[in-house]
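The values are calculated or read from the model by the stated rules, or taken from the named source; none is laboratory data. All values reported here derive from a predicted model rather than from experimental measurement. All Cβ positions, glycine included, derive from the backbone under ideal geometry; neighbour counts span all protein chains shown. Heads up: the accessible areas ignore ligands, DNA and RNA and are worked out on the full protein's heavy atoms, side chains in. Shrake-Rupley method; radii C 1.70, N 1.55, O 1.52, S 1.80 Å.
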Amino acid sequence: MAHGLFLLAGLATTVLGFSWFVDANDEASAYRTAPVCGTAAHAPGTDCVRHETGKVTERHTSYVGEDTVYTLTVARGTGSGHRYTVDSDLYHATKVGADVDLTVYRGAVAEVSHGGERTPNSGTAWTASLEVALLVGLGVALTIIGLTWTRFIARVAPFAFAMGGFTAVTAFAGSLTLVPSQLPLAATLALPVLGWLGMTLVPTVIVRSD
């Protein structure tokens, strides 16, 4: 009975974590399906997008380890400009003085595009990623306990929660990377699901074979 309750709690917690991850992913890409402000498709009082033209005033590259970070400073109207991190294709498609399209959603720039190249600018989902990571980590710990309940619980529980903690750290980093990338949902979910399976099943096999 006890192992069944732990297993059910672990799976339910994990499902909740993944549902919050999907919600965060949908929130980051909501601008893509929002109507253009002022058109017939836009109902008053609902979210909409508008397009502005900005001018590239600076281009800059920096390095984080072996990765290259590309940034563009874009001036909006008479503003002094804001720096946006973009992908390499968009960076190389522009030059100082080029006009780029800015998709504005809920008062913030959600996407920068030019010459058919585009980079989302959804920001960093710190809070959502932390919440998802904690739920998925707890779900892994409870699921491992549920699957290995016949073993000595005082010995299994610390190991299970250690694996849950490691999973939470990994899930946090993964969510911070995947949510802003705005890949198709199937591709976005594939890696986290495989990671959860590995973090759950491998420790379970280790405990049962001990």
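Some points to look at:
- Every condition in (1) surrounded by 14 or more Cβ atoms within 10 Å (Cβ to Cβ); (2) modelled with pLDDT of 90 or more; (3) under 29 Å from Ala30 (Cβ atoms) is met by Gly164 except one, and the failing one is (3).
- Selection of the range 136-150 for residues being closer than 21 Å to Trp196 by Cβ, outside any helix (DSSP H, G or I) and open to solvent by 70 Å² or more (accessible area, probe 1.4 Å) yields only Trp149.
- For Leu191, the criteria (1) modelled with pLDDT of 95 or more; (2) under 16 Å from the mean Cα position of the chain (by Cα) hold in every case but one, which is (1).
- Pairs with Cβ under 8 Å, 6+ apart, first in the range 198-210 and more than 16 Å from Phe161 (Cβ to Cβ), second open to solvent by less than 90 Å² (accessible area, probe 1.4 Å) and among the β-branched types (Val, Ile, Thr): Arg208/Thr148
- Near pairs, Cβ below 6 angstrom, 6+ apart or cross-chain, from the range 130-142 (on the phi > 0 side of the Ramachandran plot and free of Cβ contacts under 8 Å to residues at least 60 places away in the same chain) to any residue that is in a helix (DSSP H, G or I) and open to solvent by less than 10 Å² (accessible area, probe 1.4 Å): none
- Selected residue [in contact with a Cys (Cβ under 8 Å, 6 or more places away or on another chain) and of a type in the set (A, V, I, L, M, F, W, C)] from Val74, Val36: Val36
- Number of residues in the range 12-68 that are of a type outside the set (D, E, K, R), within 16 Å of the chain's Cα centre (by Cα) and within 30 Å of Leu142 (Cβ to Cβ) equals 10.
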